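The structure appears below as structure tokens.
The values are calculated or read from the model by the stated rules, or taken from the named source; none is laboratory data. Bear in mind that the values here come from a model prediction, so they are computed numbers and not experimental data. Reconstructed Cβ throughout: ideal geometry from the backbone, glycine too, with neighbour counts over all protein chains shown. With ligands, DNA and RNA removed, areas are computed over all heavy atoms of the protein, side chains included. Shrake-Rupley method; radii C 1.70, N 1.55, O 1.52, S 1.80 Å.
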Amino acid sequence: MKPQVVLDTNVLLTALKSSRGTSFRLLSMLETDRFQLHVSTPLVAEYESVLKRGLLVLTPQQMDDVVDFMCARAIQHKIYYLWRPVLKDPGDDFLLELAVKANARIIAWNVADFKRAQPLGVLVQTPRDFLHFLEGK
């Protein structure tokens, strides 16, 4: 079974800022079916909001295309329960809720912010650690 994944917004933003890093390599692997991406409405809304803050040189249409592509490749979930607050940053709780529902790991650069996810059985990895995991398979 392929790994189930929730991508934190910081990974997507980093991937779109540079085509030379680990985050970009992971985003590029969405087409290869090496892992299964999971999204929810709050996560997609955050992707769109953060991408359109003017931090990237992409056009609004290109940003929409990226998010549309990710949604097309992902399994979409509706979350009917809230466990808040759980995490250090309450703004990340929706990621944890999605990961629990999808039985997925969270891929994020700010792993320390997700320490409280472990008791819920959610593995949190940096993009680099997840890529090493994928390459070791």
* To do: Could you look through segment 116-133, keep only residues that are in contact with a strand residue (DSSP E or B) (Cβ under 8 Å, 6 or more places away or on another chain) and either basic (K, R) or loosely packed, with under 15 Cβ neighbours inside 10 Å (or both), and pick out the one that is farthest from V11 (Cα to Cα)?
  => Q118
* Asked: Limited to segment 2-38, what total is found for residues that are in contact with a Lys or Arg (Cβ under 7 Å, 6 or more places away or on another chain) and assigned to a helix (DSSP H, G or I)?
  -> 2
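Conditions tested, residue by residue: (1) touching a Lys or Arg at 6+ places or on another chain (Cβ under 7 Å); (2) among the charged types (D, E, K, R); (3) closer than 22 Å to T32 by Cβ.
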position: G54; (1), (2), (3): no, no, no
position: Q61; (1), (2), (3): no, no, no
position: D64; (1), (2), (3): no, yes, no
position: L95; (1), (2), (3): no, no, no
position: K101; (1), (2), (3): no, yes, no
position: R105; (1), (2), (3): no, yes, yes
position: N110; (1), (2), (3): no, no, no
position: R128; (1), (2), (3): no, yes, yes
position: L131; (1), (2), (3): yes, no, yes
* To do: Output the residues belonging to segment 95-115 that are within 20 Å of A15 (Cβ to Cβ) and either not in a helix (DSSP H, G or I) or not aliphatic (A, V, I, L, M) (or both).
  => A104, R105, I106, I107, A108, W109, N110, D113, F114
* When you go through (1) surrounded by 20 or more Cβ atoms within 10 Å (Cβ to Cβ); (2) in contact (Cβ under 8 Å) with a residue 60 or more places away in the chain one by one for R34, which number turns out not to apply? -> (1)
* **Considering residues of segment 78-109 that are touching a strand residue (DSSP E or B) at 6+ places or on another chain (Cβ under 9 Å) and open to solvent by 30 Å² or more (accessible area, probe 1.4 Å) only, the residue modelled with the lowest pLDDT** => I79
